[in-house]
1. One residue is enough: does the range 131-153 have a residue meeting the conditions among the polar types (S, T, N, Q), surrounded by 12 or more Cβ atoms within 10 Å (Cβ to Cβ) and either free of Cβ contacts under 8 Å to residues at least 24 places away in the same chain or not in a loop (DSSP other than H, G, I, E, B) (or both)?
2. Taking the range 86-130, which residues are touching a residue at least 60 places away in the same chain (Cβ under 8 Å) and not in a loop (DSSP other than H, G, I, E, B)?
3. Given (1) touching a helix residue (DSSP H, G or I) at 6+ places or on another chain (Cβ under 7 Å); (2) of a type in the set (S, T, N, Q); (3) at pLDDT below 95, where does Thr163 come up short, assuming only one miss?
4. In the list Leu168, Leu186, which residue meets the criterion of being in contact with an Asp or Glu (Cβ under 7 Å, 6 or more places away or on another chain) and in a helix (DSSP H, G or I)?
5. Do any residues in the range 184-212 that are within 18 Å of Pro81 (Cα to Cα) have Cβ atoms under 7 Å from those of residues that are acidic (Asp, Glu) and not in a strand (DSSP E or B), where the two are at least six apart or on different chains, and which pairs are they?
6. Out of (1) at pLDDT 90 or above; (2) part of a strand (DSSP E or B), the odd one out for Val82 is which?
7. Within the range 174-186, identify whether any single residue is of a type outside the set (Gly, Ala, Ser), within 21 Å of the chain's Cα centre (by Cα) and under 19 Å from Ile100 (Cα atoms), and answer yes or no.
Amino acid sequence: MRSSDRARFAALLLAAATAAICPSAHAQHLGVIGPIYPIAEPSLLALIQSKLRELTANGGLERLQRESQARIRRQIEDPAPVAGITRTATARTFHFDPSIEVPYPISDADGRLIVAPGTRVNPLDVVSLSRPLFFFDARDAEQVERARRELAEHRGQVKLILTGGSYLDLMRRWKQTVYYDQQGLLTTRLGIRQVPARVTQDGRRLRIDELR
């Protein structure tokens, strides 16, 4: 028997063996087990459009818009107070060193190295604090009055920064720029825990006075 005939013979034997081992491998109709329903999934876009039409018809959409605008207005005009800041109970004075360690090399436009990584740099060596910073809570009338005195003493050359209350209200009343310590970034960085507090430059450090 030639090799090609032997190959065909082996293939036939394998097919026959497979049929003998798995006689039930052919397809069978098992019948209908339950009722059959057509697939009718609603379009998500159509569902959204239907809901919008319903909200428009009953005034719900206009109400949601008003509520959203009012919520945004409240957040802008009266932000959440900075957590962990209290009115000064015991006055204290401390210093803050703003120096940082440069984590990567800084080069000029020609590729020449200006600052090597690991170098400690103090921003006050380059730019001074031009005006004192005054942190206070505008919900406290005494702190507001203290801020007013700070403005008078420094002839308006003070950066006012709120930790609570409405900065927009003060800006309208005083015709003066008022900032807000969003999420407590500045007070956390400087270590301020009590207000009112004044920040001034003292050489290569910042002096912080939490005032009574």
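1. Yes, the conditions are met somewhere in the range 131-153.
2. Thr86, Arg87, Arg92, Thr93, Phe94, His95, Phe96, Leu124, Asp125, listed by residue number.
3. Answer for Thr163: the failing condition is (3).
4. Matching residue, one of Leu168, Leu186: Leu168.
5. As it stands, the answer is Thr187/Asp181, since those pairs meet every condition given.
6. For Val82, the failing item is (2).
7. Checked against the condition, which is being of a type outside the set (Gly, Ala, Ser), within 21 Å of the chain's Cα centre (by Cα) and under 19 Å from Ile100 (Cα atoms), the range 174-186 yields at least one hit.
The values are calculated or read from the model by the stated rules, or taken from the named source; none is laboratory data. On a predicted model such as this, the values are computed, not experimentally measured, just so you know. Don't worry about glycine lacking a Cβ; one is built from the backbone with ideal geometry, like all the others, and counts go over all protein chains shown.
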